[in-house]
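Structure record follows, encoded as structure tokens.
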Amino acid sequence: MERRTIGAGALEVGALGLGCMPMSWAYSGSRQRGDESLRAVHRALDSGSSLLDTADMYGPFTNELLVGRALKERRGDAFLSTKVGLLVGDQHIVANGRPGYVKRACDASLRRLQTDVIDLYQLHRADPEVPVEETWGAMAELVRAGKVRALGLCAVGARGGRRSGGLYDGTIRQLRRVQQVFPVSAVEAELSVWSPEALGTLLPWCEARGVGFLAAMPLGNGFLTGTLTPGQGFEPDDMRARHPRFTAEMMAANQPIVAGLRRIAARHGEAVTAAQVALAWVLAQGRHVIPVPGAKRERWVAENAAAAGLRLTPQDLTEVAELPGARGSWE
Ligand SMILES: NC(=O)c1ccc[n+]([C@@H]2O[C@H](COP(=O)([O-])OP(=O)(O)OC[C@H]3O[C@@H](n4cnc5c(N)ncnc54)[C@H](OP(=O)(O)O)[C@@H]3O)[C@@H](O)[C@H]2O)c1
């Protein structure tokens with residue numbers, strides 16, 4: 001697989017990573033597929049998808065435990081990304097960016113992951129009660145202590161300034177602040193054919209500074225693969241049960257997007273899938289972009305890794321740009 005370089009420390013990773021979240025969190029059936037998930041992680045590493053993206057919050061904690069089990073004998077094959085700053089309560093999720101907490105959370109992640117260093121430690125969400133410089137300062141100390149190699153900031157679910165069109169204005173302000181304290185190596189935010197907003201200002205900001213961009217939800221939570229049926233319904237523990245784009249009505253309304261991806265796939269060969277076109281489109285957005293498609297099935301992981309070899313033509317890219325915008329939004 002092609003390799004890509006990110007961040008001030010010139011870290012090298014396979015162009016396409018693996019999002020480990022669906023193995024333990026957010027999707028139905030997540031918790032019942034331990035062995036299959038382990039095989040999926042191994043398949044990703046065998047294919048050159050070295051970047052494994054997890055978080056202490058996924059599970060909570062069980063996703064890191066799973067990744068730790070998978071890496072026991074092959075830590076050297078992986079580029080390990082995990083996150084800090086969110087705590088799961090009974091009914092809600094809260095941010096905690098206090099320096100003492102960040103340091104304790106890192107030690108706990110290292111234990112669960114069965115490793116002595118995390119390659120990329122990401123701030124999952126800034127804590128509104130703590131100046132972000134203080135949280136970032138504690139994370140920088142972890143780099144100096146040799147527990148972490150590089151730092152990243154997540155901007156998934158960013159809301160600031162959306163009405164004025166600047167979805168990521170708040171994120172960029174935050175990035176400028178933390179850059180004063182310690183270099184940012186990567187930013188993780190949503191980027192996919194049906195959620196292209198990061199292309200506006202966030203992606204160029206990262207590119208200009210050599211900051212890597214981890215594209216979260218590159219398959220539109222599975223929708224862009226064309227394997228979901230409008231009205232199929234989702235279990236209550238599946239986040240799509242509450243997602244406005246996954247009502248029967250919106251899934252039906254957004255079918256032209258999937259049809260467009262399928263049309264492009266067909267031109268590249270019988271075996272090429274809509275999911276692979278969706279991933280190839282994300283890869284085509286810049287050499288600093290690393291999609292992290294989530295999957296817990298070995299079959300999907302193999303299919304997704306093969307997308308790293310799919311090159312979209314200028315005509316393909318124009319056709320994607322001309323697809324209708326997605327219907328259904330959180331706002
Ligand atoms: N920083 C953050 O705050 C944040 C937020 C959200 C996500 N993320 C990261 O981004 C990663 C990706 O996001 P995501 O997993 O939510 O969404 P996604 O990658 O857009 O889609 C994942 C879904 O697609 C299905 N899938 C994967 N490959 C497929 C294929 N080839 N054909 C058919 N279905 C396929 C998966 O099924 P199975 O599960 O059944 O295999 C899963 O249900 C996460 O794992 C996480 O690491 C980060």
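The values are calculated or read from the model by the stated rules, or taken from the named source; none is laboratory data. The model shown is predicted, which means the values in this text are computed figures rather than measured ones. Every residue, glycine among them, receives a Cβ derived from its backbone with ideal geometry; neighbour counts consider all protein chains shown.
Does Val130 meet the test of being within 26 Å of Leu202 (Cα to Cα), of a type in the set (Val, Ile, Thr), part of a loop (DSSP other than H, G, I, E, B) and at pLDDT 95 or above? The answer is yes for Val130. Cβ-Cβ distances below 6 Å connect the following pairs, each with a first residue in segment 146-174 that is closer than 12 Å to Glu188 by Cα and assigned to a helix (DSSP H, G or I), a second residue that is at pLDDT 80 or above and not acidic (Asp, Glu), and a separation of six or more residues or different chains: Thr171/Ala155.
If I filter segment 45-61 for residues that are surrounded by fewer than 17 Cβ atoms within 10 Å (Cβ to Cβ), out of contact with any His (no Cβ under 6 Å at 6 or more places or on another chain) and touching a residue at least 60 places away in the same chain (Cβ under 8 Å), do I get at least one hit?
Within segment 45-61, one or more residues are surrounded by fewer than 17 Cβ atoms within 10 Å (Cβ to Cβ), out of contact with any His (no Cβ under 6 Å at 6 or more places or on another chain) and touching a residue at least 60 places away in the same chain (Cβ under 8 Å).
Of the helices (runs of 4 or more DSSP H) entirely within segment 191-277, those holding at least 2 residues that are within 16 Å of the chain's Cα centre (by Cα), within 15 Å of the ligand (Cβ to nearest atom) and closer than 30 Å to Gly59 by Cβ occupy 202-208. If you go through segment 186-196 one residue at a time, do you hit one that is surrounded by fewer than 20 Cβ atoms within 10 Å (Cβ to Cβ) and acidic (Asp, Glu)? No, because not a single residue in segment 186-196 is surrounded by fewer than 20 Cβ atoms within 10 Å (Cβ to Cβ) and acidic (Asp, Glu). Evaluated against (1) more than 13 Å from the ligand (Cβ to nearest atom); (2) farther than 24 Å from Glu322 by Cβ, Ala284 falls short on exactly one condition, (2).
Taking the numbered list (1) under 15 Å from Thr171 (Cβ atoms); (2) exposed (fewer than 14 other Cβ atoms within 10 Å of the Cβ) in turn, Ala216 passes all entries but (2).
Asp46 fulfils the conditions (1) outside any helix (DSSP H, G or I); (2) modelled with pLDDT of 95 or more; (3) charged (D, E, K, R) except for a single criterion, (1). Here Gly7 does not fit the description of being more than 16 Å from Ala302 (Cβ to Cβ) and surrounded by fewer than 16 Cβ atoms within 10 Å (Cβ to Cβ).
Which residues, taken from segment 258-276, are of a type in the set (A, V, I, L, M, F, W, C) and touching a residue at least 40 places away in the same chain (Cβ under 8 Å)? Across segment 258-276, the qualifying residues are Leu261, Ile264, Ala274, Ala275.
For the structure I just gave you, tell me whether Phe223 is crowded, with 19+ Cβ neighbours inside 10 Å and without any contact (Cβ under 8 Å) to a residue 60 or more places away in the chain.
So Phe223 fits the description; yes.
No other residue among Gln276, Gln315, Gln285 is surrounded by 14 or more Cβ atoms within 10 Å (Cβ to Cβ) and over 24 Å from Trp25 (Cα atoms) apart from Gln285. Within segment 175-190, the set of residues being of a type in the set (A, V, I, L, M) and not in a strand (DSSP E or B) comprises Leu175, Val178, Val181, Val184. Being in contact (Cβ under 8 Å) with a residue 40 or more places away in the chain and charged (D, E, K, R) is true for just one of Glu64, Glu73. Which residue is that? The match here is Glu64.
For segment 288-312, how many residues meet the condition of being charged (D, E, K, R), within 16 Å of the ligand (Cβ to nearest atom) and surrounded by fewer than 23 Cβ atoms within 10 Å (Cβ to Cβ)? Residues meeting the conditions: 4.
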